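Q: Below you will find the structure I want to go over with you.
The values are calculated or read from the model by the stated rules, or taken from the named source; none is laboratory data. A quick note: this is a predicted structure, and the numbers were derived from the prediction, not measured. In this analysis, Cβ positions are derived from the backbone assuming ideal geometry, glycine residues included, and neighbour counts consider all displayed protein chains. Areas reflect the complete protein model, heavy atoms only, side chains present, ligands, DNA and RNA absent. Shrake-Rupley method; radii C 1.70, N 1.55, O 1.52, S 1.80 Å.
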Amino acid sequence: MILSIESSCDDSSIAVTEIESRKLIFHKRVSQAIHHSKYGGVVPELASRLHTETLPKLLDEVAYLFPKLKAVAVTTEPGLVVTLLEGITMAKALSIGLNIPAIGVNHLVGHIYSLFIEQEAKLPLLVLLVSGGHTQLIEVDEWNKFHIVASSLDDSLGESFDKVAKMLGLGYPGGPIIEKLAKEGDENRFPFPVPLSKSPKLAFSYSGLKNAVRLEIAKGDIKNPQFQRDISASFQKVATAHIVQKLKKYLKRSFKRYRYLGLVGGVSANIYIRNQIADTIRPFGMELISPELQYCSDNGAMIGRYGIELYRNGIFTDISKLQPKSRSDII
Ligand code: KG4
Ligand code: ZN
């Protein structure tokens with residue numbers, strides 16, 4: 001079995017996965033969202049202290065499995081350095097104490113493998129990674145070959161949901177709140193401009209849309225529930241239309257043909273976005289795959305799932321090299 005730890009942001013999570021069968025033996029995730037909600041975003045120092053409290057409790061629950069562990073996998077990048085360190089320190093201690101190798105896992109690759117928890121990987125595939133930190137279109141041709149074809153020039157999609165919710169005086173994380181309000185809103189009330197719609201570039205951008213929403217909010221009454229719903233629906237519609245436009249552009253241009261599009265990352269929990277993407281790729285003969293809802297946001301199971309691939313290929317990380325990195329792309 002492999003034990004895996006995730007602490008890159010505001011979720012403390014530990015999983016234990018059987019290496020041969022990929023079966024998940026244990027998985028728990030403790031979200032810190034309510035602690036950060038009143039600040040409208042994640043406070044790194046607070047997040048780090050909360051991991052210090054929670055991770056040892058989770059570890060205690062799997063102590064009976066220690067004799068069966070063959071390796072310990074941990075998220076090393078990208079993320080908040082002070083929170084990554086909590087998981088990394090625990091992984092180092094386990095590696096030394098149990099005399100098992102350590103495996104550093106890139107968080108973004110972990111999100112891709114959230115598609116394949118308790119399953120065999122479906123490769124090659126095209127991936128749309130939409131999280132709080134990233135918005136990227138990635139070609140995954142082999143288990144360890146990742147080619148980024150489009151990235152955000154500024155904010156990520158998840159971040160823009162969070163900022164719109166913050167401007168409306170709602171809580172954190174903003175994504176689920178905006179999605180819920182949007183269901184009862186008029187998506188055509190505020191015709192925000194679709195970002196980069198005239199540009200031939202394969203890239204994403206959300207800062208302009210965020211500013212357009214800010215200007216509209218300044219003119220309205222943020223306490224009015226219908227105003228909140230209509231802003232949410234209009235924003236969500238245009239934010240999604242932007243991804244759809246760029247995805248179509250890629251699919252029309254690219255010579256490569258993939259059977260699957262994997263939609264991953266926290267924002268992939270959004271049902272409106274899932275449906276829009278599925279409708280977009282169907283005429284191209286592609287099928288949408290997305291993680292189970294419980295594995296869309298950060299979790300230890302996805303880190304363990306990719307950890308298994310690295311373990312099987314004999315790729316381990318010397319504990320002196322097990323270091324946190326705040327910014328990194330898929331390698
Ligand atoms: O992948 P994730 O848990 O953390 C990062 O790696 O960044 O993604 C968190 C992001 C947050 O911005 C959150 O607002 C967004 O995912 N999110 C959603 C939904 N659920 C979470 N965005 C839109 N709709 C949702 N239902
Ligand atoms: Zn994430």
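Q: Indicate, rounded to the nearest 5 percent, the antiparallel portion of the DSSP beta bridges found entirely in the chain.
A: 60 percent
Q: Now for a separate question. For the pair Ile271/His147, report the inter-label distance in nm, with labels modelled 7 Å from Cα in the Cβ direction.
A: 3.7 nm
Q: On the protein heavy atoms, probe 1.4 angstrom, tell me the percent of accessible surface of the chain carried by carbon and sulfur.
A: Within the chain, the accessible surface is 53 percent carbon and sulfur.
Q: Give the value in nm², to one decimal: projected area of the alpha carbon convex hull of segment 125-290, averaged over all directions.
A: 9.2 nm²
Q: How would Glu187, Glu77 line up by accessible area, probe 1.4 Å, largest first?
A: Largest accessible area first, the list is Glu187, Glu77.
Q: Counting only chymotrypsin sites (Phe, Trp or Tyr not before Pro) that sit in a DSSP loop (anything but H, G, I, E, B) with at most 15 other Cβ atoms within 10 Å, what is the longest stretch of the chain containing none of them?
A: 40-254
Q: So, with +1 on the Cβ of K and R and -1 on the Cβ of D and E, and no other charges, what is the size of the charge dipole of the chain about its Cα centre, to the nearest 20 debye?
A: Its charge dipole is roughly 920 debye.
Q: Can you give the accessible area of Thr52 in Å² (nearest 10), computed on protein heavy atoms with a 1.4 Å probe?
A: That residue has around 70 Å² of solvent-accessible surface.
Q: Something else about it: Could you tell me which trypsin sites (Lys or Arg not before Pro) in segment 263-331 are loop residues by DSSP with no more than 12 other beta carbons within 10 angstrom of their beta carbon?
A: Arg327
Q: Can you figure out the FRET efficiency of Lys252 with Glu292, using R₀ = 22 Å and their beta-carbon distance, to the nearest 0.05?
A: The computed FRET efficiency comes out at 0.10.
Q: To the nearest 10 Å², what's Ser197's accessible area with a 1.4 Å probe?
A: 50 Å²
Q: From the helices alone, meaning DSSP H stretches of at least four residues, give me the mean residue ellipticity at 222 nm for the chain, per-run term -39500 (n - 2.57), in deg cm²/dmol to the nearest 500.
A: My calculation for the chain gives -13000 deg cm²/dmol from helical runs alone.
Q: With a 1.4 Å probe and every protein chain left in place, tell me how much accessible area Val238 has, in Å² to the nearest 10.
A: Rounded to the nearest 10, the figure is 10 Å².
Q: Accessible area, 1.4 Å probe, largest first: how do Glu142, Glu45 sort?
A: So the residues, ranked largest to smallest area, are Glu45, Glu142.
Q: Angle between the Cα long axis of helix 271-281 and the longest principal axis of the chain, 0 to 90 degrees, nearest 10?
A: The two axes meet at around 80 degrees.
Q: Note down the relative contact order for segment 125-290 as a percent, whole number, built from C-alpha pairs under 8 angstrom at least six residues apart.
A: Once normalised by length, the contact order is 27 percent.
Q: While we're looking at this one, here's another question. Looking at segment 125-290 only, what percent of DSSP beta bridges run antiparallel? Nearest 5 please.
A: Close to 60 percent.
Q: Right, another one. Any idea of the accessible area per residue across the chain, 1.4 Å probe, to the nearest Å²?
A: 44 Å²
Q: Also: Gap in Å between the Cα centre of segment 81-106 and the Cα centre of segment 157-172?
A: 33 Å
Q: Further question on the same structure: Using the charge dipole of segment 125-290 (Lys, Arg: +1 at Cβ; Asp, Glu: -1 at Cβ; taken about the Cα centre), state which of Val213, Ala269, Leu126 has its Cα farthest towards the positive end.
A: Leu126
Q: Direction-averaged shadow area of the convex hull around the Cα atoms of the chain, nm²?
A: Taking the Cα atoms of the chain, their convex hull projects to 16.2 nm² on average.
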